[in-house]
Amino acid sequence: MSKELSKLPPRIQRFRLRLTRFSPEVKHVSGKSQITADTLSRASTRGPCKTDLDLYDDVLALSDQTIKSLPVTPGRLMEIITKQKADPEILEVRRFCTTRWPAYMPENTLLKQYWTNQQHFTIVNDLLLYNDRIVIPRDLRLDILNRLHESHLGINKCKALAQTSVWWPNISSQIEDMVRKCQTCAKLRPEVREPLLPSSIPERPWIRVAMDLFDYKGNTYLVVTDYYSRKPFFFMCHQQTQVHICHPWHTDNVISDNGPQFASTEFRKFAQEWGFVHTTSSPRYPQSNGAAERVDIHGKENRYKESQQQNFNQRHRAKELPELDPGDTIYIKDLKREAVVVEQHHSPRSYLVRTSQQTTPLRRNRRHLVATPREQPPTTERDETPTIPRNTPSPNRPDYHTSKCGRTIRPPDRLDL
Ligand SMILES: [Zn+2]
């Protein structure tokens, strides 16, 4: 009873219109207790009275309005009606609507979804509707699917558009399939945050340190943060060379970004000589060098880190991105280029990728890479639906007309069905 009147099938609208004068309270009464209803149904009046005829006119007017508000041109509407009558599956449903629906689910699998939704179907002006949506025959489904998707709005908006205009069995899953296989939609998809990967606390100080350089009042400083104590140490650098940024304490692992000082051959040699492992954050993703980038992190308890991780994941609705395999085609967001995955880098969530313009592989974090589906022609059905070429828009466009105050009134043509 709470549903909007225009969203109901015209058949149900008639009952709702009759009840608008009342505010009924609906209660279930078992059939054997409905003595009055049974008596009245046996003593029906001879013909419809004037009130009934008036109501019938109102219902017809409302049905006409439902048809006029559909985003479809009259020419296209006729085409849909003709194709509905030529489609054996829809022809059967039309027959059920005008006679009666079978008491049990039909054996024909194609009719099962229609049968389970039987209360939603109605025929208005020779057009089969699902509530206020047009039931699209199989021949036109691919064309309509292309029109719903032509703006590459993503799954939710394409579905919302369909919910205001068209229906057929499994339309939602077909929209999802089409958008998932679309390269343009994949490139335009909003960024998904991945769950925080907190670094574990080492067993003793100076096992693992993070390093970063920064400038302050014309001088360059090196900040070294110990992962155990989270204590930062600052050193002034007289020259930005690897010799000056080293320090005498022994460490097993140095974590830094990809600055030229850290990415240089000299630093690599230095790491080999002193026997520590040098790990760099993903290029263009310095957040992963968290200890040095955020020296003000307090506390070293695992509980604190767990709650921090939980908060981050909840706040950003983080979810793990699927892993990529060598040979997968991807799109690099920051370079706006397509590339192929070469291999997974030893650092977490890091990949080596190669574009067609470059011979040496690039390293990128997983969040910069969008897995693009391989180009393949879309289909409308998982079963044996033939794919059809896209129809051209119907030439029978209605003319625009002008209102009394001079405003141009344009018929709805969003989908140009
Ligand atoms: Zn798309």
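The values are calculated or read from the model by the stated rules, or taken from the named source; none is laboratory data. If you're wondering where the values come from, they're calculated on a predicted model, not measured in any experiment. Ideal geometry is used to build each Cβ from the backbone, glycine not excepted, and the neighbour counts take in all protein chains shown.
Okay, here's what the table says:
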| item | result |
| --- | --- |
| Inter-residue pairs, beta-carbon under 6 Å, first in contact (Cβ under 8 Å) with a residue 40 or more places away in the chain and in segment 69-97, second among the polar types (S, T, N, Q), 6+ apart | P71/S165; T73/S394; T73/N396; G75/S394; G75/N396; R76/S394; I90/Q84 |
| Selection count where residues are away from the ligand (no atom under 11 Å from the Cβ) and touching an Asp or Glu at 6+ places or on another chain (Cβ under 7 Å), scope segment 150-160 | 0 |
| Every residue from segment 328-348 that is under 23 Å from the mean Cα position of the chain (by Cα) and either within 10 Å of A371 (Cα to Cα) or touching a residue at least 24 places away in the same chain (Cβ under 8 Å) (or both) | D328, T329, I330, Y331, I332, K333, D334, E338 |
| Residue within segment 354-363 that is within 16 Å of N258 (Cα to Cα), touching a strand residue (DSSP E or B) at 6+ places or on another chain (Cβ under 8 Å) and either exposed (fewer than 15 other Cβ atoms within 10 Å of the Cβ) or touching a residue at least 60 places away in the same chain (Cβ under 8 Å) (or both) present | yes |
| From P248, P198, P169, P260, residue being at pLDDT below 80 and within 43 Å of the chain's Cα centre (by Cα) | P198 |
| Criterion: modelled with pLDDT of 80 or more, surrounded by fewer than 11 Cβ atoms within 10 Å (Cβ to Cβ) and under 26 Å from the mean Cα position of the chain (by Cα) - qualifying residue of P377, P322 | P322 |
| Counted residues, segment 341-352 - those being in contact with an Asp or Glu (Cβ under 9 Å, 6 or more places away or on another chain) and more than 20 Å from R180 (Cβ to Cβ) | 4 |
| Options R180, R147; residue that is touching a residue at least 60 places away in the same chain (Cβ under 8 Å), loosely packed, with under 14 Cβ neighbours inside 10 Å, within 14 Å of the ligand (Cβ to nearest atom) and within 21 Å of the chain's Cα centre (by Cα) | R180 |
| Tally, over segment 134-187, of residues that are farther than 27 Å from T122 by Cα and of a type in the set (S, T, N, Q) | 3 |
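Yes or no, residue by residue, for (1) closer than 26 Å to L321 by Cβ; (2) of a type outside the set (K, R); (3) buried (at least 17 other Cβ atoms within 10 Å of the Cβ):
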{"position": "Q163", "(1), (2), (3)": "no, yes, no"}
{"position": "I171", "(1), (2), (3)": "no, yes, yes"}
{"position": "P190", "(1), (2), (3)": "yes, yes, no"}
{"position": "I207", "(1), (2), (3)": "no, yes, no"}
{"position": "N219", "(1), (2), (3)": "no, yes, no"}
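To keep it simple, each residue is scored yes or no on (1) farther than 18 Å from P88 by Cα; (2) in a loop (DSSP other than H, G, I, E, B).
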| site | (1), (2) |
| --- | --- |
| W101 | no, yes |
| Y104 | yes, yes |
| E107 | no, yes |
| Y114 | no, no |
| Q119 | yes, no |
| L142 | no, no |
| N146 | yes, no |
| K157 | yes, no |
